[in-house]
Amino acid sequence: MDGLKKRLDENNQLLVQKWEGLVYPTKFTFNSPATLEMIEEFLRDTQWHLPTDYKNFLLIHNGAWLFEGVRYGGGYELLSLDEIKNSHLDYMPKHWYPISVSNGDYIFIDSNRAKEGKVDYLVRFNHDDDIIPENGSSMKMNFETWLERLIIAQGTEFWTW
């Protein structure tokens, strides 16, 4: 995140290049940090497990908007703790919680895998799929790897390459 922030202009914007040479400005909005008390309350209320790398992100930013198109929309909403709780709907697996939404696509943390110490706890759902375990696509990575690669790929869905 530090490297990304160094490249942002005074308006928290960054010029990115996408497929076919498309170049356009994107905007970044970072929420205030979560406190340890907020995290503990979230864990008590939900009984979910927070992986260390994701908890460390929350202690820096309790949610954010990344690569939001200034002209074209889109981007990645990284949900705050409250938004995670409010976005978890009855039809979603109980042990998965959404951490990111992008154009209707969700990225979840599989709390059970994270609790077991597995590092491949991220699961993705295309907006056209029902959110049931059989339709989930394991991203085979943790939050830190996903975030770093998302930044390197300039907001492109590198996991679909």
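A few remarks follow.
- Only one of the numbered conditions (1) surrounded by fewer than 16 Cβ atoms within 10 Å (Cβ to Cβ); (2) modelled with pLDDT of 90 or more; (3) aliphatic (A, V, I, L, M) is not met by Leu81, and that is (1).
- Checking the stretch 100-119 against the condition returns no match, with no residue being in a strand (DSSP E or B), buried (at least 16 other Cβ atoms within 10 Å of the Cβ) and among the basic types (Lys, Arg).
- Subset of the stretch 59-117 [on the phi > 0 side of the Ramachandran plot and polar (S, T, N, Q)]: Asn103
- Answer from Glu40, Glu10 - the residue that is modelled with pLDDT of 95 or more, out of contact with any Gly (no Cβ under 9 Å at 6 or more places or on another chain) and open to solvent by 60 Å² or more (accessible area, probe 1.4 Å): Glu40
- Screening the stretch 61-84 for residues that are out of contact with any strand residue (DSSP E or B) (no Cβ under 8 Å at 6 or more places or on another chain) and either of a type outside the set (Asp, Glu) or part of a strand (DSSP E or B) (or both) and picking the one that is farthest from Glu37 (Cα to Cα) gives Gly73.
- Qualifying residues in the stretch 124-161 (those that are within 21 Å of Gly74 (Cβ to Cβ), open to solvent by less than 50 Å² (accessible area, probe 1.4 Å) and of a type in the set (A, V, I, L, M)) - the one modelled with the lowest pLDDT: Ile131
- Positions within the stretch 32-60 being of a type in the set (Val, Ile, Thr) and assigned to a helix (DSSP H, G or I), in sequence order: Ile39, Thr46, Thr52, Ile60
- Test for Asp90: is it open to solvent by 10 Å² or more (accessible area, probe 1.4 Å), among the charged types (D, E, K, R) and in contact with a helix residue (DSSP H, G or I) (Cβ under 6 Å, 6 or more places away or on another chain): no
The values are calculated or read from the model by the stated rules, or taken from the named source; none is laboratory data. Not measured: the values here are computed from a predicted model. Neighbour counts are summed over all protein chains in view; Cβ atoms, including those assigned to glycine, are modelled from backbone coordinates with ideal geometry. Keep in mind that these areas ignore ligands, DNA and RNA; they rest on the heavy atoms of the full protein, side chains included. Shrake-Rupley method; radii C 1.70, N 1.55, O 1.52, S 1.80 Å.
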